[in-house]
Structure formats: C-alpha cells, structure tokens
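Since the structure comes first, as structure tokens, the remarks are kept for the end.
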Amino acid sequence: MQHLAIAIHGGAGTLTRSSLTAEQEKAYRAVLGSTVEAAYRVLVNGGSALEAVELAVTYLEDSPLFNAGRGSVFTKEGKHEMDAAIMWGKTLAAGAVAGVRSIRNPVKLARAVLEHSDHVMLSTYGAEEFARSHGIAFAPETYFFDHHRYKQWSQVRDSNIFMLDHTQQVDDKFGTVGAVAVDQEGNVAAATSTGGMTNKNYNRIGDTPIIGAGTYANNSTCAVSCTGHGEYFMRAVVAYDVSCLMEYKGCTLQEACSIVVMDKLVKLGGEGGLTAVSPGGEIAMPFNSEGMYRASLQSGGTVFTGIYREE
C-alpha cells in the first residue's frame, strides 16, 4: 500500500526557546498540528496530494500567526503584497501569483492559474483580474491588519531597511508557509505562500512563486517547499537542486536536502530551510537557522510538531 505523507512549514529563522512564551508556543503547535491532521484526512479519504497541500496552506494563510494571507507583513507603502505557488508532480503543471493584494487566499488563486490558465505565473493587477473572473475571494484591508505586523513595520517604516519577519529585530517570529504531500496514487505536490519581507519596496518578489526556487514537485523525485531569505534560494535554485541531486546523482531525499540546505546554502550565506517528501512517503525537514515551524504526519505515525533545532 502507498505510504501517505504530509509535511508543512511556517517559517525558519531565529527561533529559540527564549524567543517564545509558553502561550505562543502552544498556539503555534496547535495550528501546525491541526493543519497536518486536516490535510492528512484529505489523503486518507482518497484526495490528491494537490488538494492536500492547497488545504494545508489555506489553513496557514487563514491564521494571523504566519506571514501569508491574513498574517502578511506590511510593505513600504503600508500595504500587503502576497506571493504563492502550487505544483503537481504527476504532470509538472504549476500555477503561481506574485505581488497580489487583497486576495484572501493566494494559494487558491495559484491553483486557479494552474487549472484554468495556459500560463504559469501571473502578477499584480493581472493576477487580481484573473481572480475576479474565476470567483476567487477578496478581503478588505482590515482583514489583513494585525497589531504585531504593524509594530514590526513601525520599527523600520521611515528607513530603507527591509527585514525578514523572523529576525532578532522583532519580538515575534513569523514566516512563509508551505506544504508537501504524497497521495494514494504516489503523486506528490507542493505549495508555498508568503507576504514577503517587512517594509519591502519596489514590488520585491522572492523565491516563493518561482518554480524551481521556492516550490517544486516531480513524481520522479520529490516535492519541495522552501522558507528563508528568498534571494539566496533563487540564486541557488534550491527546490529544483534537491530534485536534481536525486535524479542525476542518485541521492536519497535526506542526502539531497542536506547537501543543499546545510552545505550549498550555508556557503552562500543563505538562512532558511524546507520541507520535502518523496513518492515513497519519506519526509525531510532540514534547516540551517535556529529553528523552523514545522509539522508532519505519515502512514502509521503520529503528528509531529517542531519549532526548535533540537526537536
């Protein structure tokens, strides 16, 4: 019988036991755990990996705890610009959106691009027009307002500084969200969503919506969703590099992920991590930062949630 698996992440960065209160830690673990359980039920009931990762990322986008959807950080203009991508390993079909505003769940828009467009990536106003024509839900600015996000932005809004939302400069740690899964047919899928960097300017876009950089899925190898400093992940083509090491060098999933995250990225100066799954149900969740919000569930196993390095 096919081994089912789902793994998710909610951001990587300076996450130590002293950086979170017991109440905050409990809240994060609760959302991470309930999300993987909901996505796993999709797989058990015969749903596709594509459906499972979309559901998982939707759950995380709906939570203000993470930098995606409702919890997206503020841009230089005091707005919210979101990116998302989703990919189906069976056909290599992919959909992505970049720099969209007021979209309640960017991952759903990315799924619509995958299914109802001849294109892979749509951006800004065009993506929003596409959303309207396909019944994707919008939300008012008040929906995306969060006091902690506003506090983050207030610290740097009058400067030219942009920052990851999990740096030591801020009190709370948040991050890009993503999911990978393998279903009963052995098909893999990946989805990633983010609000980008606090105080970002010039419509900056990171690795999340770029297929092969922040998101990738291929039934021949694996599905990967990344989180971290996007510029480094783009330069290293991280998600595709993991797949290539498996396809061309014969590495296992764990070996490929370790080479890319713990060696190649480190040498570039890139901080972050990823979640990955193989068609056989193997899961990898490496990161080179202090911590990474993550959770997973496999056939015959129990829910795992992690935040810190030693877990």
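The values are calculated or read from the model by the stated rules, or taken from the named source; none is laboratory data. Note that the structure is predicted; figures quoted are calculated from it, not measured. Neighbour counts run over all protein chains shown; Cβ positions are idealised from the backbone, glycine included.
Summed over the stretch 7-49, the residues that are assigned to a helix (DSSP H, G or I) and touching a residue at least 12 places away in the same chain (Cβ under 8 Å) give a count of 19.
Please enumerate the residues belonging to the stretch 98-121 that are out of contact with any helix residue (DSSP H, G or I) (no Cβ under 6 Å at 6 or more places or on another chain) and in a strand (DSSP E or B). Result: A98, M121. Looking only at residues in the stretch 169-188 that are at pLDDT 95 or above and part of a loop (DSSP other than H, G, I, E, B), the one that is farthest from S296 (Cα to Cα) is E185. In the stretch 189-200, of all residues being at pLDDT below 90 and in contact with a Phe, Trp or Tyr (Cβ under 7 Å, 6 or more places away or on another chain), the one that is surrounded by the fewest Cβ atoms within 10 Å (Cβ to Cβ) corresponds to K200.
Yes/no matrix, rows are residues, columns are (1) buried (at least 24 other Cβ atoms within 10 Å of the Cβ); (2) touching a helix residue (DSSP H, G or I) at 6+ places or on another chain (Cβ under 8 Å); (3) free of Cβ contacts under 8 Å to residues at least 60 places away in the same chain; (4) charged (D, E, K, R):
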{"position": "C251", "(1), (2), (3), (4)": "no, yes, yes, no"}
{"position": "I259", "(1), (2), (3), (4)": "no, yes, yes, no"}
{"position": "L265", "(1), (2), (3), (4)": "yes, yes, yes, no"}
{"position": "L268", "(1), (2), (3), (4)": "no, yes, yes, no"}
{"position": "T275", "(1), (2), (3), (4)": "yes, no, no, no"}
{"position": "S299", "(1), (2), (3), (4)": "no, no, no, no"}
{"position": "G306", "(1), (2), (3), (4)": "no, no, yes, no"}
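Of the residues making up the stretch 53-97, those that are part of a loop (DSSP other than H, G, I, E, B) and closer than 20 Å to N187 by Cβ are G89, K90, T91, L92.
K90 satisfies every condition listed in (1) farther than 19 Å from G230 by Cβ; (2) over 13 Å from the mean Cα position of the chain (by Cα); (3) touching a residue at least 40 places away in the same chain (Cβ under 8 Å); (4) buried (at least 22 other Cβ atoms within 10 Å of the Cβ) except (4). A52 meets each of the listed conditions (1) within 15 Å of F304 (Cβ to Cβ); (2) small (G, A, S); (3) in contact (Cβ under 8 Å) with a residue 24 or more places away in the chain apart from (1). When A22, A38, A27, A12 are checked against the criterion of being at negative phi, touching a helix residue (DSSP H, G or I) at 6+ places or on another chain (Cβ under 7 Å) and among the small types (G, A, S), a single residue qualifies: A38. For the stretch 248-290, which positions are more than 19 Å from V57 (Cα to Cα) and among the aliphatic types (A, V, I, L, M)? Across the stretch 248-290, the qualifying residues are L253, A256, I259, V260, V261, M262, L265, V266, L268.
Evaluation of T16 against the conditions (1) β-branched (V, I, T); (2) within 21 Å of G273 (Cα to Cα); (3) surrounded by 18 or more Cβ atoms within 10 Å (Cβ to Cβ) shows that the sole unmet condition is (3).
Could you say whether any residue in the stretch 116-128 is crowded, with 24+ Cβ neighbours inside 10 Å and under 20 Å from V42 (Cβ atoms)? No - not one qualifying residue is present in the stretch 116-128.
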